[in-house]
Amino acid sequence: MLELWQQTYQGELLIMLPDTFGTTQFLENAPEWVADWTGQRMDSKHPYTAGDEYIAWLERLGRDPRQKRLIASDALDVQEILGLHAYFGGRLRNGATPRDFERASDFEDERKWAPERRIRFSAGWGTFLTNDFRNCNPLGTRGSTR
């Protein structure tokens with residue numbers, strides 16, 4: 001399936017969604033060339049755990065996580081997005097935790113955070129980040145015609 005995806009999109013849209021198969025199991029069995037893809041979308045697994053697991057996997061395979069994209073998208077709110085950005089988009093300092101980031105000015109506090117990204121982090125609001133095709137069927141029916 002991965003080979004078909006890569007051939008179909010010819011280098012574009014190379015964002016994995018490993019939790020479809022179970023993130024841990026997917027990363028244990030994925031072919032090494034998948035580590036060259038653009039990044040990973042995390043959905044059904046705890047985002048901090050899934051992100052750390054992906055970063056460790058990339059490092060084990062000799063890839064630089066700072067050149068990859070990590071996308072969180074499962075039922076996020078502003079507080080969670082800020083915390084995830086703090087955690088993956090920089091270095092927490094002096095005992096700060098992701099919950100200590102509630103507004104943009106928190107990222108300016110050098111005692112709490114340094115902009116030294118671990119990975120290129122992005123977030124989508126809610127679970128339909130890459131699959132929001134509701135009410136798009138031109139025939140007006142529920143479901144695909146193919």
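The values are calculated or read from the model by the stated rules, or taken from the named source; none is laboratory data. Not measured: the values here are computed from a predicted model. Methodologically, a virtual Cβ is constructed for each residue, glycine included, from the backbone with ideal geometry; neighbour enumeration extends over all protein chains shown. We work out accessible area using only protein heavy atoms, side chains counted, and drop any ligands, DNA or RNA first. Shrake-Rupley method; radii C 1.70, N 1.55, O 1.52, S 1.80 Å.
Overview of results
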read-out: Residue match in region 70-80 (condition: more than 23 Å from Trp125 (Cα to Cα) and either among the charged types (D, E, K, R) or in contact with a Leu (Cβ under 7 Å, 6 or more places away or on another chain) (or both)); value: no
read-out: All positions within region 89-103 that are in contact with a strand residue (DSSP E or B) (Cβ under 7 Å, 6 or more places away or on another chain) and open to solvent by 30 Å² or more (accessible area, probe 1.4 Å); value: Arg91, Leu92, Arg93
read-out: Region 65-76: number of residues that are open to solvent by 60 Å² or more (accessible area, probe 1.4 Å) and outside any helix (DSSP H, G or I); value: 2
read-out: Selection from region 3-58 of residues that are farther than 26 Å from Pro98 by Cα and either touching a strand residue (DSSP E or B) at 6+ places or on another chain (Cβ under 8 Å) or not in a helix (DSSP H, G or I) (or both); value: Gln10, Gly11, Glu12, Leu13, Leu14, Phe21, Phe26, Ala30, Pro31, Val34, Trp37
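Condition check ((1) among the β-branched types (Val, Ile, Thr); (2) modelled with pLDDT of 95 or more; (3) in contact with a Cys (Cβ under 6 Å, 6 or more places away or on another chain); (4) surrounded by fewer than 17 Cβ atoms within 10 Å (Cβ to Cβ)) across all residues:
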| position | (1), (2), (3), (4) |
| --- | --- |
| Val78 | yes, no, no, yes |
| Leu84 | no, yes, no, no |
| Tyr87 | no, yes, no, no |
| Ser105 | no, no, no, yes |
| Arg117 | no, no, no, yes |
| Arg120 | no, yes, no, yes |
| Trp125 | no, no, no, yes |
